[in-house]
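Student: Could you have a look at this structure, given as structure tokens, before my questions?
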Amino acid sequence: MALVVAVGEIIHAGTAASAVKMALSALARQEARTLSLEVIGLVDEVGDRVRMEDYTSALRAVQIARRFSARLDVRHLHAVEVHAIATQLSEVEHVLHLAMTKEKGRPMNKVARSTLSNMLMMIKSAAERVARLGDNV
């Protein structure tokens, strides 16, 4: 009888651990969705600020977006998407730093603005894919 109870306890513990793991995974995906949507909003803000030639505010928005993307938990997501977001945000930050130092008082040239726009679109696309993963909660 004790053996049957012990086996039942082991099975119950395994089932409970599995349920906790699934709940934590679902919570992590939901948090990733929220963070990704925030990144998308900040990327839109960067684009708006660059169009207004307010590079300081654009840089600040990129830095906040980088902090949000650093909080994405890659254990429950496609690491490729998270890495793409982080890499592109880093490159955007670099472009904005250049715009603030090299072209002081002048707007970004057409090529730089086009390159920046392409990078922002790639970030948004990757963030949207991460956000869709969070929809599976």
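Student: Got a sec? What order do M100, M122, M108 fall in by accessible area at 1.4 Å, biggest, i.e. largest, first?
Tutor: The ranking, largest first, comes out as M122, M100, M108.
Student: Moving on to the next point. In whole angstrom, how long is each semi-axis of the equivalent ellipsoid of the range 23-66, when you take the square root of 5 times every eigenvalue of its Cα gyration tensor and sort them from largest down?
Tutor: 28, 8, 4
The values are calculated or read from the model by the stated rules, or taken from the named source; none is laboratory data. This structure is a prediction, so every number in the text was calculated from the model and none was measured. Surface accessibility is based on the protein's heavy atoms, side chains included, excluding ligands, DNA and RNA. Shrake-Rupley method; radii C 1.70, N 1.55, O 1.52, S 1.80 Å.
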